[in-house]
1. For Kirkwood radius over Cα pairs in Å, the listed values are [x] 11.9; [y] 13.7; [z] 15.7; which was obtained by calculation from the structure presented?
2. Measure off, as a whole percent, the carbon and sulfur share of the 1.4 Å-probe accessible area of the chain, all protein chains present.
3. Cα axis of helix 27-42 to longest principal axis of the chain: angle in degrees, 0 to 90, nearest 10?
4. Within the chain, report the trypsin sites (Lys or Arg not before Pro) that DSSP leaves as loop and that have at most 16 other Cβ atoms within 10 Å.
5. In whole percent, what relative contact order does region 1-42 give with Cα contacts below 8 Å and a gap of six or more residues?
6. Which angle between 0 and 90 degrees, to the nearest 10, do you get for helix 2-12 versus the longest principal axis of the chain when only C-alpha atoms count?
7. How high is the relative contact order of the chain, in percent, counting Cα pairs under 8 Å that sit 6 or more residues apart?
8. Send over a whole-number figure in Å² for the accessible area per residue of the chain, probe 1.4 Å.
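The values are calculated or read from the model by the stated rules, or taken from the named source; none is laboratory data. Computed from a predicted structure; not experimentally measured. Note: ideal-geometry Cβ built from the backbone for every residue, glycine included; neighbour counts use all protein chains shown. Ligands, DNA and RNA are excluded from the accessible area calculation, which covers all protein heavy atoms including side chains. Shrake-Rupley method; radii C 1.70, N 1.55, O 1.52, S 1.80 Å.
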Amino acid sequence: LTDALYEIVSALGTVGLSRGLTPTLGSAGRIILIVSMFLGRIGPISMAWLFTGEKESNHTIKHSEGTFYVG
């Protein structure tokens with residue numbers, strides 16, 4: 001259990017360290033590690049923004065007004 005936890009934390013942190021458990025894992029365990037590596041690469045702030053972010057954009061663009069002199 002300690003080795004599995006170490007592998008998952010290493011995958012989430014994209015550290016690249018291993019205790020040698022990965023070659024003995026089955027397909028499901030390897031898929032869990034792959035997903036953990038992907039989620040670690042995205043990052044926790046991006047994941048939080050994805051799930052709690054504003055779905056509809058109400059932003060408006062405002063252009064500055066004035067006289068621009070060139071030359």
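1. Correct label is [z].
2. About 64 percent, which is the carbon plus sulfur part of the accessible surface.
3. 30 degrees
4. In loop regions of the chain (DSSP not H, G, I, E or B), the sparsely surrounded trypsin sites (Lys or Arg not before Pro) are Arg19, Lys55, Lys62.
5. This gives 48 percent for region 1-42.
6. 20 degrees
7. Working: 35 pairs, mean separation 19.8, N = 71.
Taking the mean separation of contacting Cα pairs over the length of the chain, I get 28 percent.
8. Here the residues of the chain average 91 Å² of exposed surface.
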